[in-house]
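Read the structure below first, then the notes.
Derivation of every value follows stated rules applied to the coordinates shown; laboratory data play no part. If you're wondering where the values come from, they're calculated on a predicted model, not measured in any experiment. Neighbour counts are summed over all protein chains in view; Cβ atoms, including those assigned to glycine, are modelled from backbone coordinates with ideal geometry.
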Amino acid sequence: MPAIPERKYLNIAVLTVSDTRTEDNDTSGNYLAESLVAEGHTLAEKAIAKDDVYQLRAIVSRWIADPAIHAVLVTGGTGFSGRDTTPEALTPLFDKQVEGFGETFRAVSFAEIGSSTLQSRAFGGFANGTVIFCMPGSTGACRTAWQHIIREQLDSTFSPCNFVPVLLGRYAH
């Protein structure tokens, strides 16, 4: 019988991109924070920022420079309105894209909301050894992304593969 791998937990930051959300009504950011803690991970930091390219880059750059933060979950700013700039803000920080995240998110989302999923520019990537998942701002979209993709990819026991070895490998002694 194969040995059951030891579960490893991550430090994860959550960023809500919104011009209107506050800590009192940030249902999407709160959902992600509560969900990652429920899985045993640590909420390293949580922030809300206006949809401003340079504010977003500043916050995420600080997090990816922190060796204690393994993952960043970003909700909001991925649509097509004039204020939606999360992809333009964050993709220049990436060392590698995780193309499959956006593709898989839209495929799963299609089953839930049909062709409206075309309005999502969900995306992901790695920056300085930290994985970043960016999803739409609705709580439903965050639930879809967390339950169908992110939770498993941040679970060290998920097979056949997950991102945890890559995330923790940079700190292996």
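Brief remarks on what is shown
- Residues with amide H under 5 Å from that of residue 18, placed H, sequence gap 5 or more: 49, 50, 51
- Cβ-based charge dipole, the chain, positive-most Cα from 75, 123, 159: 159
- Residue 127 long-range amide H proximity, modeled H, under 5 Å: 95, 132
- Cα-based helix-to-principal-axis angle, 53-65 vs the chain, degrees rounded to 10: 10 degrees
- Here region 28-131 is treated as a Stokes sphere of Kirkwood radius computed over C-alpha pairs; at 20 °C and 1.002 mPa s its diffusion coefficient rounds to 146 µm²/s.
- Candidate lysines for bridging to residue 8, where Cα separation is under 30 Å - those fewer than 8 sequence places away on the same chain excluded: 46, 96
- Relative contact order [Cα under 8 Å, 6+ residues apart], region 11-169, whole percent: 24 percent
- Helix-only [θ]222 nm of the chain, DSSP H runs n ≥ 4, -39500 (n - 2.57) each, per residue, nearest 500: -9500 deg cm²/dmol
- Across region 93-173, counting alpha-carbon atoms alone, Rg and Dmax equal 13.4, 47 Å.
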